[in-house]
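Undergrad: Structure provided below as structure tokens; questions to follow.
The values are calculated or read from the model by the stated rules, or taken from the named source; none is laboratory data. Just so it is clear, the structure is predicted and the values come from calculations on it, not from any experiment. Virtual Cβ from ideal backbone geometry, glycine too; neighbours counted across all protein chains shown. Keep in mind that these areas ignore ligands, DNA and RNA; they rest on the heavy atoms of the full protein, side chains included. Shrake-Rupley method; radii C 1.70, N 1.55, O 1.52, S 1.80 Å.
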Amino acid sequence: MSVVHHLSPGWLLDHLSFINKVNYQLQQHQEPSCSKNKHTSSVYLDSLQMDAMSPFGAPAPCFAPDSTTVPGNEDEDGGSCERITQKYVFRPELFNVTKPYITSAVHKECQQSNKNENLVTGNKQEVSISIGKKRKRCVAFNQGELDAMEYHTKDGNSGRITLPLDACNLSEFCEMAKRLPSVSETELQTLHLTEDDLSVTELDLLPQVVENNSSFSRMITLMGQKYLLPPQSSFLLSDISCMQPLLNCSKTFDVIVIDPPWQNKSVKRSNRYSCLSPQQIKQMPVPKLAAADCLIVTWVTNRQKHLCFVKEELYPSWSVEVIAEWYWVKITHSGEFVFPLDSPHKKPYECLVLGRVREKAASVLRSTGVKVSPVPDQKLIVSVPCILHSHKPPLAEVLKDYIKPGGQCLELFARNLQPGWMSWGNEVLKFQHVDYFLALQSGR
């Protein structure tokens with residue numbers, strides 16, 4: 001489970017543990033070593049074994065044997081093929097945050113220097129920080145500088161990490177969908193992966209929902225890059241202009257988690273991803289996707305402007321009533337805040353605004369007899385963050401008490417997949433890239 005402790009203030013989560021309990025295992029079929037003519041392994045099914053898993057809760061680990069004889073798969077010399085199991089885990093160094101991104105001492109010295117200078121001049125000024133015998137000129141931290149400091153400090157936390165540098169640009173891939181012939185809005189656009197599928201092409205993915213309903217995970221290749229798909233997961237890879245296949249599934253969802261690409265100068269400067277304006281976010285078809293009494297959870301940056309927009313404009317336009325605000329608090333392995341709590345720029349926390357769809361909610365609950373716990377206000381979710389930008393902690397186990405049993409789950413603007421969840425976004429497979437995983441040696 002991702003929940004390590006559940007106390008009255010909130011929850012302590014282990015994000016890495018949640019990912020690894022998905023228990024990715026790649027099964028390959030290998031010809032016997034005693035074969036005279038063939039000595040290389042042949043893989044004919046890109047599937048990863050895993051126990052069935054509900055949307056809310058991780059499965060107990062189930063380790064397949066390293067090798068198993070497969071009856072009926074004899075080679076021409078009469079030998080039997082072996083089934084080789086290769087296990088994958090998420091790279092642990094991506095959660096190796098051992099010290100704050102900006103130390104409190106440096107932050108306080110800059111803060112005090114700024115204060116002293118302001119008392120004299122009343123203007124924004126440059127300050128100096130003593131480092132050994134040298135004095136390093138330092139401008140009051142702006143967002144770009146904080147991003148750079150965060151990047152280099154993370155590199156120091158975790159060592160040199162070689163990661164996929166958008167070799168497969170998923171957002172550009174989504175642009176390809178717009179050039180394909182349009183289809184009828186009433187046509188069902190869903191691709192069901194089966195254990196017999198040997199390959200999935202780019203055209204198979206555009207523009208349709210992909211469902212892996214088996215108890216096996218799958219590995220697909222997209223523009224030369226490999227991605228791992230959990231079992232019992234579904235996704236639509238598209239941008240906001242191509243969401244119709246999601247609506248065509250004729251599903252409504254009991255919980256919708258939204259992580260909008262909010263506009264801000266830092267993202268615009270770094271060109272990490274495309275942002276959406278508040279009005280574009282407002283036009284998303286959330287009311288059509290939400291079931292009665294749906295729980296809406298929206299991640300909000302620490303800009304008061306965005307928080308006010310969600311509470312005063314966005315939720316009312318979707319007929320959603322604000323019921324709670326929670327906070328994700330980011331800490332190091334030793335329990336320190338990753339940023340100083342009083343930092344005027346980056347905070348060691350992010351906000352979640354929770355709301356309920358108002359229409360027909362009370363009547364539906366009365367008619368079905370379903371009792372759902374009221375959502376508490378001002379709760380904390382505490383965890384060590386992944387060093388990958390915007391890889392949010394899993395909320396499945398935290399939210400399970402606040403929706404009906406067996407509820408349908410959807411994440412919008414997702415960057416990874418979860419068993420039991422539908423995920424949508426133009427980077428929905430980003431953190432499923434095989435390079436973010438480690439292949440364990442046999443017997444580990």
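Undergrad: For S373, only one of the following conditions fails: (1) surrounded by 14 or more Cβ atoms within 10 Å (Cβ to Cβ); (2) at pLDDT below 95; (3) of a type in the set (S, T, Y); (4) over 24 Å from the mean Cα position of the chain (by Cα). What is its number?
TA: (1)
Undergrad: Residues in region 231-247 that are out of contact with any helix residue (DSSP H, G or I) (no Cβ under 8 Å at 6 or more places or on another chain) and part of a helix (DSSP H, G or I): how many?
TA: Narrowing region 231-247 to residues out of contact with any helix residue (DSSP H, G or I) (no Cβ under 8 Å at 6 or more places or on another chain): 231-235, 241, 243-245.
Adding the requirement that they be part of a helix (DSSP H, G or I) leaves 241, 244-245.
Going through region 231-247 one residue at a time, the tally reaches 3.
Undergrad: Can you pull out the residues in region 422-437 that are of a type in the set (F, W, Y) and part of a helix (DSSP H, G or I)? Quick ask: steps written out before the conclusion?
TA: The first filter runs over region 422-437 and keeps only residues of a type in the set (F, W, Y), leaving 424, 431, 436-437.
F431, Y436 - these are the residues of region 422-437 that are of a type in the set (F, W, Y) and part of a helix (DSSP H, G or I).
The rows are residues; the columns are (1) open to solvent by 20 Å² or more (accessible area, probe 1.4 Å); (2) closer than 21 Å to K226 by Cα; (3) at pLDDT below 95.
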| site | (1), (2), (3) |
| --- | --- |
| P405 | yes, no, yes |
| P419 | no, yes, yes |
| M422 | no, yes, no |
| G425 | no, yes, yes |
| A439 | yes, yes, yes |
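Undergrad: Something else: Which members of region 248-257 meet the condition of being outside any loop (DSSP other than H, G, I, E, B) and closer than 17 Å to I296 by Cβ? Steps first, answer last, please.
TA: The first filter runs over region 248-257 and keeps only residues outside any loop (DSSP other than H, G, I, E, B), leaving 248, 253-257.
Hits for region 248-257 are F253, D254, V255, I256, V257.
Undergrad: How many of the residues in region 406-421 are of a type in the set (D, E, K, R) and part of a loop (DSSP other than H, G, I, E, B)?
TA: Filtering region 406-421 down to residues of a type in the set (D, E, K, R) leaves 411, 415.
Still in the list and also part of a loop (DSSP other than H, G, I, E, B): 415.
The number of residues fulfilling the criteria is 1.
Undergrad: Could you list, in sequence order, the residues of region 378-389 that are open to solvent by less than 30 Å² (accessible area, probe 1.4 Å) and out of contact with any His (no Cβ under 9 Å at 6 or more places or on another chain)?
TA: Residues satisfying the conditions are I381, I387, L388.
Undergrad: Could you tell me which numbered condition L410 fails, if it satisfies all but one of (1) closer than 21 Å to D239 by Cβ; (2) open to solvent by 10 Å² or more (accessible area, probe 1.4 Å)?
TA: (2)
Undergrad: Take the residues in region 328-356 that are part of a strand (DSSP E or B), out of contact with any Pro (no Cβ under 8 Å at 6 or more places or on another chain) and open to solvent by less than 50 Å² (accessible area, probe 1.4 Å), then tell me which one is nearest to N96 (Cα to Cα).
TA: Filtering region 328-356 for residues part of a strand (DSSP E or B) gives 328-331, 337, 349-356.
Subsequent filtering for residues that are out of contact with any Pro (no Cβ under 8 Å at 6 or more places or on another chain) retains 349-356.
Checking which are open to solvent by less than 50 Å² (accessible area, probe 1.4 Å) leaves us with 350-356.
Values: E350: 20, C351: 23, L352: 24, V353: 28, L354: 30, G355: 33, R356: 36 Å.
In this case the residue turns out to be E350.
Undergrad: If we keep just the residues of region 286-322 that are of a type in the set (D, E) and assigned to a strand (DSSP E or B), which is most open to solvent (accessible area, probe 1.4 Å)?
TA: Taking region 286-322 and keeping what is of a type in the set (D, E), we get 293, 312-313, 321.
Remaining after also requiring assigned to a strand (DSSP E or B): 293, 321.
Values: D293: 23, E321: 93 Å².
Looking at the filtered set, the residue picked out is E321.
Undergrad: Moving on to the next point. All but one of (1) touching a His at 6+ places or on another chain (Cβ under 7 Å); (2) more than 29 Å from Q280 (Cβ to Cβ) hold for S334; which doesn't?
TA: Evaluating S334 over (1) touching a His at 6+ places or on another chain (Cβ under 7 Å); (2) more than 29 Å from Q280 (Cβ to Cβ) leaves (1) as the failure.
Undergrad: Separate question: Can E325 be described as among the acidic types (D, E) and open to solvent by 30 Å² or more (accessible area, probe 1.4 Å)?
TA: no
Undergrad: Could I ask something else about it? Show the residue pairs that are 6+ apart or on different chains and have beta-carbon atoms under 6 Å apart, the first residue being within region 346-373 and within 30 Å of N302 (Cβ to Cβ), the second being of a type outside the set (D, E) and modelled with pLDDT under 70.
TA: These pairs meet every condition: K346/L146.
Undergrad: Out of region 216-230, which residues are open to solvent by 50 Å² or more (accessible area, probe 1.4 Å) and either out of contact with any strand residue (DSSP E or B) (no Cβ under 7 Å at 6 or more places or on another chain) or assigned to a loop (DSSP other than H, G, I, E, B) (or both)? Reasoning before the result, please.
TA: Quick first cut of region 216-230, residues open to solvent by 50 Å² or more (accessible area, probe 1.4 Å) only: 221, 223-224, 226.
Within region 216-230, T221, M223, G224 meet the criteria.
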